[in-house]
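Q: Take this structure, written in structure tokens, and hold onto it; I'll ask about it next.
The values are calculated or read from the model by the stated rules, or taken from the named source; none is laboratory data. This one's a predicted model, so the numbers in the text were calculated from it and none came from an experiment. With ideal geometry, Cβ positions are generated from the backbone for all residues, glycine too; neighbour counts draw on all protein chains shown.
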Amino acid sequence: MVKALISRFLRADRQADRVVPPSGHTAWLTSFTAGAMTFLTVFALALSLAAGRMADRWSDALARTATVRISAPPEQLDLQTRVVLDVLTTTPGVESARALTDEEQRKLLEPWFGPDLPVEALPIPRLIELTEASEPYDAEGLRQRLSAEAPGAVLDDHTRWRRPLASAAGRLRLLGLVSIALIGGAMAAMITLAANAALAANAQVIEVLRLVGARDSYIARAFVRRFTLRAFGGAQVGALAGMIGIALLPSADAAGGFLTGLGFTGFGWLLPLCLPPLAATVAFLATRRAALAKLRELT
């Protein structure tokens, strides 16, 4: 049943198509609007997915790691480091623990202080990296034990880092969906205006068709078909241009890591292909509603 309706809708009807002007400002406005909005939707979709993946990746990387920071006088630093390592080794839920070398700490501080920072001569806290086992450890119990055996040790389980990242991922995805909805609404509004203009410009033709027995449903179907196909064609061009633009973006290495993961990955490249049918659906609903309302006004 649905297939028959679609076939009937797509089948060319020369007499009905004469009702709608094949060219003019309404024709290019519909195609341009659909193409431009689809192009923007591709980028909104790609950016929201990439930002969500990046936040998830950072959150997952921090989920199973924690850091113990040791602030103590130089003469006690090595002793407290050994004590902390012994505590972590005997703590259930801790898979491994190791103290970062001076070279590793220098690399961590290099983006802020440069490569020549004299780590050995500065009172920088000693950092110990621990990895969580499959069974999580008791963070609060570990903090109390460290406080008792190594007063200068502070456990940072990265909770304050993970929560904002997870929240940012959810908000970015929501922002992407809201942006896509707004773009779809703007496209529907522009196509509605174009359909109303075409109907008003052909008021005399519509009146003649009514006199010879044409029903409003027949006239409306002619407008809906023409505008839906125009929107579909424009959306195809916009989706293709958007995918080319995403593919031509600089790689993560060329961009210095700032654009890591930007774009689509794997089956995500199929998502833009869903946009032209979606644009055609929006055009169909918007044009049908506008056509029926305008025909009632012309009665």
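Q: Quick check, is Leu229 more than 19 Å from Pro277 (Cα to Cα) and either within 22 Å of the chain's Cα centre (by Cα) or not small (Gly, Ala, Ser) (or both)?
A: Spelling it out, it is not the case that Leu229 is more than 19 Å from Pro277 (Cα to Cα) and either within 22 Å of the chain's Cα centre (by Cα) or not small (Gly, Ala, Ser) (or both).
Quick grid of which residues meet (1) over 15 Å from Ala198 (Cβ atoms); (2) outside the structural domain of Ile246 (by TED's automatic domain parsing); (3) at pLDDT below 80:
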position: Met1; (1), (2), (3): yes, yes, yes
position: Ile6; (1), (2), (3): yes, yes, yes
position: Val19; (1), (2), (3): no, no, yes
position: Thr33; (1), (2), (3): no, no, no
position: Thr38; (1), (2), (3): yes, no, no
position: Thr41; (1), (2), (3): yes, no, no
position: Leu49; (1), (2), (3): yes, no, no
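Q: May I pose another question? Filter region 86-117 for residues that are under 42 Å from the mean Cα position of the chain (by Cα) and touching a residue at least 40 places away in the same chain (Cβ under 8 Å) and give the result.
A: Selection gives Leu88, Thr91, Pro92, Gly93, Val94.
Q: Considering Asp78, Asp56, Asp86, which residue is among the charged types (D, E, K, R) and within 30 Å of Val178 (Cα to Cα)?
A: Criteria check complete, one pass: Asp56.
Q: List the number of the failed condition for Gln204; all other conditions in (1) part of a helix (DSSP H, G or I); (2) crowded, with 19+ Cβ neighbours inside 10 Å hold.
A: Gln204 satisfies every listed condition except (2).
Q: Which of the residues belonging to region 123-160 are part of a helix (DSSP H, G or I) and loosely packed, with under 13 Cβ neighbours inside 10 Å?
A: Glu140, Gly141, Gln144, Ala148, Thr159, Arg160
Q: Please go through region 262-292 and pick out each residue that is assigned to a helix (DSSP H, G or I) and exposed (fewer than 14 other Cβ atoms within 10 Å of the Cβ).
A: Passing the criteria: Gly266, Phe267, Leu270, Leu273, Cys274, Pro277.
Q: Here are Ala220, Ala239, Ala153: which of them is more than 30 Å from Arg69 (Cβ to Cβ) and over 18 Å from the mean Cα position of the chain (by Cα)?
A: Ala220
Q: Kindly indicate whether Leu248 is within 23 Å of Gly52 (Cβ to Cβ) and at pLDDT 80 or above.
A: Criteria met by Leu248.
Q: Out of all the residues in region 211-228, which are free of Cβ contacts under 8 Å to residues at least 24 places away in the same chain and in a helix (DSSP H, G or I)?
A: Within region 211-228, Leu211, Ser217 meet the criteria.
Q: If you don't mind, there's one more thing I want to ask. Can you confirm whether Ser167 is under 25 Å from the mean Cα position of the chain (by Cα), among the hydroxyl-bearing types (Ser, Thr, Tyr), in a helix (DSSP H, G or I) and surrounded by fewer than 14 Cβ atoms within 10 Å (Cβ to Cβ)?
A: So Ser167 passes the test.
Q: Listed residues Arg288, Arg225; which is at pLDDT 85 or above, over 15 Å from Thr38 (Cβ atoms) and not aliphatic (A, V, I, L, M)?
A: None of the other options fit; the residue is Arg288.
Q: Report whether or not Asp156 is among the charged types (D, E, K, R) and not assigned by TED's automatic domain parsing to the domain that holds Phe267.
A: Criteria met by Asp156.
Q: Which is assigned by TED's automatic domain parsing to the domain that holds His25 and within 23 Å of Ala27 (Cα to Cα), of Ala194, Ala214?
A: Ala194
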